[in-house]
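Reviewing the structure listed below.
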Amino acid sequence: MKHFLTLADFTPSELIEMLTLGLELKRDFKQGKSHNGLSGKILGMIFEKNSTRTRVSFEAGIYQLGGMGIFLSNRDIQLSRGESIYDSAKVVSSMLDLIMIRTFEHSRLEEFAKHSKVPVINGLSDSYHPAQVMADYMTMIENGIFSSHFVSPELISILQNLGIRHIAEPKLSYIGDGNNMAHSYMMLAAKFGLELKISTPKKYSPDPKITEFALKIAKESNAKIEFYSSPEEAISDCNVVLTDTWISMGQEDEKEKRRSDFRGYCIDSKLMALASKDAIFMHCLPAYRGEEVSADVIDGPQSRVFEEAENRLHIQKGIMLWLHQNR
Ligand code: CP
Ligand code: NVA
């Protein structure tokens, strides 16, 4: 049995299988074909932080596959009143088929997974947001931007049937905070041999331990992960421009300081003009217009943020099905 805690837990071909499933499920959903691959299965969803997309996509996804979801908010469960992770994992996993958790320290997820009898899915931790970057990569694939070195015959066939043509090997640029999204993009690049240029203010660099881990994996796939002090250099000529909020959940007290420290890192049309002319803009949302991205970029023709958000639903159906089938 596998847990979905970071992309590092899977081989590129396993991740490609999930992406293929996600694309097939999306195609069938759009054609009105129903699936009941998780009929009668129950997903528990533990939220220790707020969410719009993650909650709606996981809950809608499990229903669409014939199962059902139980929303377990921090306000309701005993875990938030100090019941141990060990006891909670033992109890909850004896009654459910899959568990999704959104939490603070990544070690909470690891601890829960260690004692769970069923697959645990990371719905965001302080360190990683792997379901999100899978939706992001699915969106890049739909835009013809994907690594041609890590594809399968099944994926090629579904792309051909959908009329998706490979247009570019991904050159990604992430500008902003070295947070859970930055870490997850490093892992995505490392797994699929992508080129990723990162620019953050110096004291907001990604976690050095996670960077070291990603660079080690990157060696196996020939990925190129580079760090730049200037956003202009990092964005130059890339196919995909990525950013995220400067103030992640749990950092609300640092709001003013962060807004000032990140000055110069806003993706506006001037910065965007330095990327490849067909580059797409992506953001996991929630976004703050006028901070990490200007309104004309996020609401402009290069933006794919709403396709990216919708793909959370489709890829997570693929991930849940894959985890269940590979138990
Ligand atoms: N992108 C994302 O995870 O959004 P939510 O915080 O709304 O779930
Ligand atoms: N970095 C953000 C992502 C939100 C989906 C956060 O952790 O709040």
> Taking the condition surrounded by 14 or more Cβ atoms within 10 Å (Cβ to Cβ), away from ligand 2 (no atom under 16 Å from the Cβ) and among the hydroxyl-bearing types (Ser, Thr, Tyr), does TYR228 pass?
Replying inline: yes
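From LYS197, LYS191, LYS216, grab the single residue that is surrounded by fewer than 22 Cβ atoms within 10 Å (Cβ to Cβ) and within 25 Å of LEU124 (Cα to Cα). Explain how you work it out, then say what you get.
Working: LYS197 fails: surrounded by fewer than 22 Cβ atoms within 10 Å (Cβ to Cβ); LYS191 fails: surrounded by fewer than 22 Cβ atoms within 10 Å (Cβ to Cβ).
Only one candidate qualifies: LYS216.
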> Which residue, of LYS203, LYS219, is modelled with pLDDT of 95 or more, over 27 Å from SER260 (Cβ atoms) and of a type outside the set (A, V, I, L, M, F, W, C)?
Replying inline: LYS219
>> If the requirement is being buried (at least 20 other Cβ atoms within 10 Å of the Cβ), in contact (Cβ under 8 Å) with a residue 40 or more places away in the chain and more than 16 Å from ligand 1 (Cβ to nearest atom), which of these qualifies: LEU79, LEU25?
In response: LEU25
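Do the conditions hold for GLU226, that is, is it at pLDDT below 95 and either among the acidic types (Asp, Glu) or closer than 14 Å to TYR174 by Cβ (or both)? If you could, list the steps in order and put the result at the bottom.
Numbers: at pLDDT below 95: no; either among the acidic types (Asp, Glu) or closer than 14 Å to TYR174 by Cβ (or both): yes.
No.
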>> Tally up the residues in the stretch 258-313 that are of a type in the set (Gly, Ala, Ser) and without any contact (Cβ under 8 Å) to a residue 24 or more places away in the chain, please.
In response: 4
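Every residue in the stretch 96-148 that is hydroxyl-bearing (Ser, Thr, Tyr), in a helix (DSSP H, G or I) and more than 16 Å from ligand 1 (Cβ to nearest atom), please. Lay out the reasoning, then the answer.
At the first step, the residues of the stretch 96-148 found to be hydroxyl-bearing (Ser, Thr, Tyr) are 103, 107, 116, 125, 127-128, 137, 139, 147-148.
Subsequent filtering for residues that are in a helix (DSSP H, G or I) retains 107, 137, 139.
Matches in the stretch 96-148: SER107 only.
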> All but one of (1) modelled with pLDDT of 95 or more; (2) within 16 Å of ligand 2 (Cβ to nearest atom); (3) in contact with a strand residue (DSSP E or B) (Cβ under 7 Å, 6 or more places away or on another chain); (4) polar (S, T, N, Q) hold for THR103; which doesn't?
Replying inline: (3)
> What residue, among those in the stretch 40-66 that are in contact with a strand residue (DSSP E or B) (Cβ under 6 Å, 6 or more places away or on another chain) and away from ligand 1 (no atom under 13 Å from the Cβ), is farthest from PRO286 (Cα to Cα)?
Replying inline: ILE42
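When you look at PHE262, is it at negative phi, within 16 Å of ligand 1 (Cβ to nearest atom) and of a type in the set (Phe, Trp, Tyr), yes or no?
Working: at negative phi: yes; within 16 Å of ligand 1 (Cβ to nearest atom): no; of a type in the set (Phe, Trp, Tyr): yes.
No, not satisfied.
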>> Exactly one of these conditions fails for GLU307: (1) under 19 Å from HIS129 (Cβ atoms); (2) in contact with a Lys or Arg (Cβ under 9 Å, 6 or more places away or on another chain); (3) among the acidic types (Asp, Glu). Give me its number.
In response: (2)
>> Just to check your reading of the model, which residue among LYS216, LYS255 is of a type in the set (Lys, Arg) and away from ligand 2 (no atom under 16 Å from the Cβ)?
In response: LYS216
> Yes or no: ALA190 within 16 Å of ligand 2 (Cβ to nearest atom), more than 28 Å from ARG263 (Cβ to Cβ), touching a residue at least 12 places away in the same chain (Cβ under 8 Å) and in contact with a Ser or Thr (Cβ under 9 Å, 6 or more places away or on another chain)?
Replying inline: no
> Just for the stretch 233-257: of the residues that are under 23 Å from the mean Cα position of the chain (by Cα) and charged (D, E, K, R), which one is farthest from ligand 1 (Cβ to nearest atom)?
Replying inline: GLU252
> For the stretch 146-156, how many residues meet the condition of being touching a Ser or Thr at 6+ places or on another chain (Cβ under 9 Å) and not charged (D, E, K, R)?
Replying inline: 5
> What are the residues in the stretch 51-79 that are over 24 Å from PHE306 (Cβ atoms) and part of a helix (DSSP H, G or I), if any?
Replying inline: GLN78, LEU79
>> Take the residues in the stretch 37-62 that are under 18 Å from MET95 (Cβ atoms) and surrounded by fewer than 18 Cβ atoms within 10 Å (Cβ to Cβ); name whichever of them is nearest to ligand 2 (Cβ to nearest atom).
In response: ILE42
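The values are calculated or read from the model by the stated rules, or taken from the named source; none is laboratory data. Quantities reported herein were computed from a predicted structural model and do not represent experimental measurements. Using ideal geometry, Cβ is built from the backbone for each residue, glycine included, and neighbour counts are taken over all protein chains shown.
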